[in-house]
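> Have a look at the structure that comes next, please.
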Amino acid sequence: MPTKTKTKRKQTDVQSISISVKNDVDVMDKPIVVSFPSGIPEGLVVEGGDGRGKEGDNDAMKPQFVWKKMRESKSSSGGGRSLMGTDDTCIFQSQSALRATDDDRLTKLCVGIYDKQTGQVVVHEAAAGGNVFAMHQSVKSYQDTSNEQNTTRLSALEQRDLLFASFGSYKKQKVLRSQKANLIDVNMVVGAGDAMQDAFKHQKLSESNKKAIEEAKHGNKVDAVESAHEEARRRFLPPFNADAEEPHLVYDARDIGNDITWAQVTRVVDACMKKDDMDFTTSLLSRGRWSDSVKGLVEMIPKQAPHAKHQLKCAVLLNHLIKFHNEIARKDFVRGPDQEVAKFFRLSTEVCSAFLENFTTSMTNKGGIEGFKASKQNKDKCLVHVLLLYMMAHGRSMSVGNIRPVADDVKLELKDAGNLLRAAGCTVTTKKISSGTAMSSALNVPLKFPNAKRGGRAP
């Protein structure tokens, strides 16, 4: 009989791994996951003797991709993301037509990053609400000008999708798009070899992630309360530069709206500044209703000052934001799409859409009516943006002798205004004057925020 041999198993070390979920606030911090249904581009193929490429050097150009926000038309609220790349011969395009707030998918893709030194797996939701961008490939030198399709070569599922795309209702098309977005081809995602690893290798980390990694390497303990407070602060305040060396470089008025809003404000100011001093002020103030605080501020700004143009742009944007806040402050729910809301608020569609995206949440009420709702936190967020814009309109010093005029326009108590300004890193001082109480505000550098408030011990 053959003898049986016993093999002794080697004992392996057991390593514990912790898993955490990272909620990336900034859209640019989220990983972008792509797939290439038509095959990996030649520039991304790893060279070697494994059958996926030729021996020798790969002279093909690697694709260069552009990631940007998508707005299809002036009447569309937009909010989706588009990804486009090019190499020597091909163009790669993909987009997510839905905003994250309108996405009703139950399954979303996440990416886990494992750190060997800390033994921790950090799970990030993929960009565009956990979407996989299936890159549509086309050749640069070829353009299909034919509108006719040969349906005999299409499958039954493709013919059904084509039928609904041409004659189906919007609701049915939305359901089909959602179902299609949930389909993941594992062979295209996982079987891409080293292409996905190479994509993560060249991906840039945000400053907050770099700081967390450096602290983990040196064994520094991260305060969970302070970290959560910092994340909440970045959601509440406009984007800020904590390392700025001058006060006017901490906050940027362009970030309060968007590029389209700032371009519209610039056109208005440029058109008015071509006139004389008296005609300039009259022409600017004749455009719609103006708040008392902003009107006095415009009359005070000298046209020939070095930075008068930027101050006037901030004043025009401030007047729009005050008008927007006063409308949402007296309503819990604003019905209708952004185009109808813009007419009701007497604002342009571009300006109103930017404000609705930053300071409200799109929803459907119990009666099935679509609209926008501003919570208490969103209203406070709008107020702190108003106060900071008022300071920007006073010049590069970011110092205001009395903020009462703008506080009165938005019906805000001085005490509450002081708390909002302190949360933004400003110092405030209250003093008595002949007409009542005045509050001055100034933004100093280096930027310093108040410490996080910790709850007391339970009795």
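> Where residues in the range 250-264 are of a type in the set (A, V, I, L, M) and either free of Cβ contacts under 8 Å to residues at least 24 places away in the same chain or touching a His at 6+ places or on another chain (Cβ under 9 Å) (or both), which of them is farthest from Pro446 (Cα to Cα)?
In this case the residue turns out to be Ala263.
> Out of the range 114-130, which residues are without any contact (Cβ under 8 Å) to a residue 60 or more places away in the chain and open to solvent by 30 Å² or more (accessible area, probe 1.4 Å)?
Of everything in the range 114-130, just one residue is without any contact (Cβ under 8 Å) to a residue 60 or more places away in the chain and open to solvent by 30 Å² or more (accessible area, probe 1.4 Å), namely Lys116.
Residue-wise test of (1) in contact with a Ser or Thr (Cβ under 7 Å, 6 or more places away or on another chain); (2) of a type in the set (Phe, Trp, Tyr); (3) under 21 Å from Ser348 (Cβ atoms).
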{"position": "Asp270", "(1), (2), (3)": "no, no, yes"}
{"position": "Thr281", "(1), (2), (3)": "no, no, no"}
{"position": "Ser286", "(1), (2), (3)": "no, no, yes"}
{"position": "Trp290", "(1), (2), (3)": "no, yes, yes"}
{"position": "Met300", "(1), (2), (3)": "no, no, no"}
{"position": "Ala305", "(1), (2), (3)": "no, no, no"}
{"position": "Leu312", "(1), (2), (3)": "no, no, yes"}
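> Follow-up. Being open to solvent by 10 Å² or more (accessible area, probe 1.4 Å) and out of contact with any Lys or Arg (no Cβ under 8 Å at 6 or more places or on another chain) is the requirement here; does Ser348 meet it?
Taking the combined requirement at face value, the residue satisfies it.
One line per residue, one yes/no per condition, for (1) open to solvent by 70 Å² or more (accessible area, probe 1.4 Å); (2) in a helix (DSSP H, G or I); (3) out of contact with any Leu (no Cβ under 8 Å at 6 or more places or on another chain):
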{"position": "Lys366", "(1), (2), (3)": "yes, no, yes"}
{"position": "Gly371", "(1), (2), (3)": "no, no, yes"}
{"position": "Gln377", "(1), (2), (3)": "yes, yes, yes"}
{"position": "Gly395", "(1), (2), (3)": "no, no, yes"}
{"position": "Val406", "(1), (2), (3)": "no, yes, no"}
{"position": "Lys411", "(1), (2), (3)": "yes, no, yes"}
{"position": "Lys415", "(1), (2), (3)": "yes, yes, yes"}
{"position": "Asn419", "(1), (2), (3)": "yes, yes, yes"}
{"position": "Thr430", "(1), (2), (3)": "yes, no, no"}
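> Could you check the range 231-285 and list, in sequence order, the residues that are basic (Lys, Arg), open to solvent by 40 Å² or more (accessible area, probe 1.4 Å) and either within 30 Å of Pro450 (Cα to Cα) or within 27 Å of the chain's Cα centre (by Cα) (or both)?
Listed by number, the residues that qualify are Arg234, Arg235, Arg254, Arg267.
> Can you name every residue in the range 323-355 that is free of Cβ contacts under 8 Å to residues at least 24 places away in the same chain and under 23 Å from the mean Cα position of the chain (by Cα)?
Ala342, the sole residue that qualifies.
A quick yes/no check of all residues on (1) among the polar types (S, T, N, Q); (2) modelled with pLDDT of 85 or more; (3) open to solvent by less than 20 Å² (accessible area, probe 1.4 Å):
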position	(1), (2), (3)
Arg287	no, no, no
Ser293	yes, yes, yes
Gln304	yes, no, no
Lys313	no, yes, no
Leu318	no, yes, yes
Gly336	no, no, yes
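> Now, a different point. Out of Asn402, Asn358, which single residue is closer than 26 Å to Leu284 by Cβ, touching a residue at least 12 places away in the same chain (Cβ under 8 Å), outside any loop (DSSP other than H, G, I, E, B) and not charged (D, E, K, R)? Spell out the reasoning first.
Working: Asn402 fails: outside any loop (DSSP other than H, G, I, E, B).
Step by step, each of Asn402, Asn358 is checked, and only Asn358 is closer than 26 Å to Leu284 by Cβ, touching a residue at least 12 places away in the same chain (Cβ under 8 Å), outside any loop (DSSP other than H, G, I, E, B) and not charged (D, E, K, R).
> Further question on the same structure: Among (1) open to solvent by 100 Å² or more (accessible area, probe 1.4 Å); (2) at pLDDT below 80; (3) not in a loop (DSSP other than H, G, I, E, B), where does Thr3 come up short?
(3)
> Right, Ala452: modelled with pLDDT under 90, loosely packed, with under 11 Cβ neighbours inside 10 Å and of a type in the set (A, V, I, L, M, F, W, C) or not?
No: the conditions fail for Ala452.
> Could you check Gly425 against (1) touching a strand residue (DSSP E or B) at 6+ places or on another chain (Cβ under 6 Å); (2) open to solvent by less than 30 Å² (accessible area, probe 1.4 Å) and say which number it fails?
(1)
> If you check every pair at least six apart or on different chains, which have Cβ atoms under 6 Å apart with a residue in the range 225-246 that is in contact (Cβ under 8 Å) with a residue 12 or more places away in the chain and within 15 Å of Arg422 (Cα to Cα) first and a residue that is open to solvent by 60 Å² or more (accessible area, probe 1.4 Å) and in a loop (DSSP other than H, G, I, E, B) second?
Partner pairs satisfying both residue conditions: Arg234/Val25.
> If you don't mind, another one. From the list Ala417, Ala438, Ala424, Ala442, which one is of a type in the set (A, V, I, L, M, F, W, C) and over 29 Å from the mean Cα position of the chain (by Cα)? Steps first, please.
On the way: Ala417 fails: over 29 Å from the mean Cα position of the chain (by Cα); Ala424 fails: over 29 Å from the mean Cα position of the chain (by Cα); Ala442 fails: over 29 Å from the mean Cα position of the chain (by Cα).
Testing whether each residue is of a type in the set (A, V, I, L, M, F, W, C) and over 29 Å from the mean Cα position of the chain (by Cα) leaves just Ala438.
The values are calculated or read from the model by the stated rules, or taken from the named source; none is laboratory data. Keep in mind that what you see is a predicted model, and the values were worked out from it rather than measured. Every residue, glycine as well, gets a Cβ built from its backbone with ideal geometry; the counts of neighbours run over all protein chains shown. Note: accessible area is taken over every heavy atom of the protein model, side chains too, but ligands, DNA and RNA are not part of it. Shrake-Rupley method; radii C 1.70, N 1.55, O 1.52, S 1.80 Å.
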